[in-house]
Structures are given as C-alpha cells and as structure tokens.
Amino acid sequence: MINSIARTVHGWLVKGPRPLAFAYVSFWSLVSRGLLPVSLQRRVRNSICSRGHEWPDMDFAARRVRLGVQTEVSLIPHWKEFDQEALFLNAVEYEAPVFRWLEDNVAENYDLILEIGANAGLYSIFFDALFRKAPGGGKRRVVSFEPAPEAYRRLIANLTVNEAESVISYQAAIGEASGLQVFYEPVGHLTNGSLLRDFSGIFTPQVDESVVVVVAAPELERWLATANHALIKIDVEGFEPELLAALGPLLERYRPDLLIEVLPFALEKLNADPVLMAYEKFLMLPDGLEKADTFRASEQHRDWLLRRVSPAGSIFSGV
C-alpha cells in the first residue's frame, strides 16, 4: 500500500510546478540522510528515483557523503546520474570496492595519480581528500583529464566545493597524437562518452558529437618523470586498447600501476594486448583483490588493478 501511495504521489508531483517537486525531493533528502537507517535510505531513493516518473530538471547544492569507509567529500548531485544517490544516502555505494581498496593504499604507495577520463570528478575529489590526510600531502599530485564539456564543468564544480588542493585538471582526452578529434556522447548517458562511435552507439542511437582536444600520451612524461610511484586510472569507455598502445613506452619506462575498467566491448583486445603482458591482473572485489591470469567481463565488478610485483613481493593490502 505504501508503495502504491508513493507512486501516486510521485506521478502527481512530476506533473506539477518545478518548485513543488524540488521542495518534495529536498524534504526527503533531509529526512533520509538525517533520520533513516541505510536500508530505509535505499528504499526512499529507489521509490523517488524509480523508472516511469520523469521528474523535472532540478539543481541541488552539494551534500557531504562518505566514500570508502571513512573519507568524506562534498558531492553535487545530479538528477538521473550516478551521483544522485548523494541526495538520499550518506555513503555513496557506487563502485564501493574500488574506493575501499584505494582508501587503504593510495596515500601510502603513490605520490602521483594520472586520471584519464575523470568524468564529473568523483575520484578526483576522493584522491585529493586522501592526499590531504596523508603526511606530506602537499608533495602528492592528481592530474585529471576529461574531454566532455558538461562532465568537465561538473568536475570543476566538485573540485571547487571541496577546495581541492592536489588536483590539476585539463579539459582534454589522451591519445596517440595531439590535435582535435570527434567525441561521441550517447544522449542521457553522461558517463559513457567515448572517442569511439561504435561504443557510444551501444547505449542509444541518439549520439551527440563534439570536437575535443586530444593530448599525445608522451606529454604525460612531464609528470611521470618526477614521481616515485604513480597510479594511472583509466576509464575511457572502450578506448582502452588504443590508449594503452599510445602509453606503451611510458609504461615500460616508468612502470606505473594501472587501474582500468574492463567492459565486454574491449575484453578480447585487452586480453591480447602486449603492453599488459608485463602486468599482473587483480579484479577488485568487496573482499579485496582477486588475482587472475586473464581479464573477464562482469556486470557487477568491472575494475582491475594492474601492477608489476617487486622482488620483495606485494606491498599492498587485500592481495
């Protein structure tokens, strides 16, 4: 009965004045985050954000949310995007195993993070928060690249509300050569923009095109050359094989660890990629890292850590 009433109320509100819808969502945001246990927070989120109701576009102020186990950041929520759960939950559940592992390992083991495909900046502000808490945090750097105009605008907004200190950001993609290139964004899928038209078309036949700046991969040497140990986080929506080929000489010279998203679209190419033969592969799971000889595509867990093991063995927790 409660669900039926909620659907009726939501169906009425989405057709009403936008200020009324905003007030309603803001009220439940306050109640959910301030008074309810996590199980009920999820129910409120699922009820209000369920499919079938086309809420009007609404702009919300940043919410304080927890990433990993205990790292807090300010995140600006956007309706119908992955970050909207910040409206109703105190802890973001998006890619939780990745955040937990990074929380335990980043500050101690890396002094440089190159983030290629930063999107709205969730990881950028998380890395900045980790570096702030670490001794000598001022010596650590995050360099973020995001070519899509709207995603980059949101990245800058999130960096601003967090007063990020360690992050340098560029509105650009990384590729084989510097120049201009067409970027494809499936309509309604902000996180799935790609340099590959075939990949973007998976999500919807409606694909917007724009021209973006591409920076040649060798330009990253200016940062890698001064780092003791770097992590390169790659989330480029199907473009991973092409990017890794461009990064090959730098990976051989500076031996950074890699954090990549493996999707079915690029699975075969990644498993055959000679650049990655020198790396051990670990799937990031809720219980830690699981070593594997080859990549596999999973709808639930798609993030992999790649590293070269030192002769002394692993220095990481969760292995």
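One table, with the values for the structure above:
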{"item": "Of residues in segment 184-193 being open to solvent by 50 Å² or more (accessible area, probe 1.4 Å) and free of Cβ contacts under 8 Å to residues at least 40 places away in the same chain, the one nearest to residue 152 (Cα to Cα)", "result": "189"}
{"item": "Unique match (being among the aromatic types (Phe, Trp, Tyr), open to solvent by 50 Å² or more (accessible area, probe 1.4 Å) and out of contact with any Leu (no Cβ under 8 Å at 6 or more places or on another chain)) among 79, 12", "result": "12"}
{"item": "Residue in segment 194-213 that is open to solvent by less than 60 Å² (accessible area, probe 1.4 Å), among the polar types (S, T, N, Q), modelled with pLDDT under 95 and under 30 Å from residue 131 (Cα atoms) present", "result": "yes"}
{"item": "Residue in segment 251-262 that is over 18 Å from residue 219 (Cα atoms) and open to solvent by 40 Å² or more (accessible area, probe 1.4 Å) present", "result": "no"}
{"item": "Flag if residue 42 is farther than 30 Å from residue 134 by Cβ, open to solvent by 20 Å² or more (accessible area, probe 1.4 Å) and in contact with an Asp or Glu (Cβ under 9 Å, 6 or more places away or on another chain)", "result": "yes"}
{"item": "Residues that are hydrophobic (A, V, I, L, M, F, W, C), more than 18 Å from the chain's Cα centre (by Cα) and part of a strand (DSSP E or B), drawn from segment 283-310", "result": "289, 292"}
{"item": "Out of 129, 118, 164, sole residue that is at pLDDT 95 or above, open to solvent by less than 20 Å² (accessible area, probe 1.4 Å) and assigned to a loop (DSSP other than H, G, I, E, B)", "result": "118"}
{"item": "Among the residues listed as 144, 169, 124, the single one being among the polar types (S, T, N, Q), touching a residue at least 24 places away in the same chain (Cβ under 8 Å) and part of a helix (DSSP H, G or I)", "result": "124"}
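So that you can scan it fast, the table gives a plain yes or no per residue for (1) assigned to a loop (DSSP other than H, G, I, E, B); (2) farther than 20 Å from residue 44 by Cα; (3) of a type in the set (Asp, Glu):
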position: 61; (1), (2), (3): yes, no, no
position: 64; (1), (2), (3): no, no, no
position: 73; (1), (2), (3): no, yes, no
position: 86; (1), (2), (3): no, no, no
position: 89; (1), (2), (3): yes, no, no
position: 94; (1), (2), (3): yes, no, no
position: 99; (1), (2), (3): no, yes, no
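The values are calculated or read from the model by the stated rules, or taken from the named source; none is laboratory data. All figures in this text were calculated on a predicted structure; none of them were measured in a lab. Cβ: placed from backbone, ideal geometry, glycine included. Neighbour counts: every protein chain shown. The protein model used for the area step is the full one, side chains on, heavy atoms only, and it has no ligands, DNA or RNA in it. Shrake-Rupley method; radii C 1.70, N 1.55, O 1.52, S 1.80 Å.
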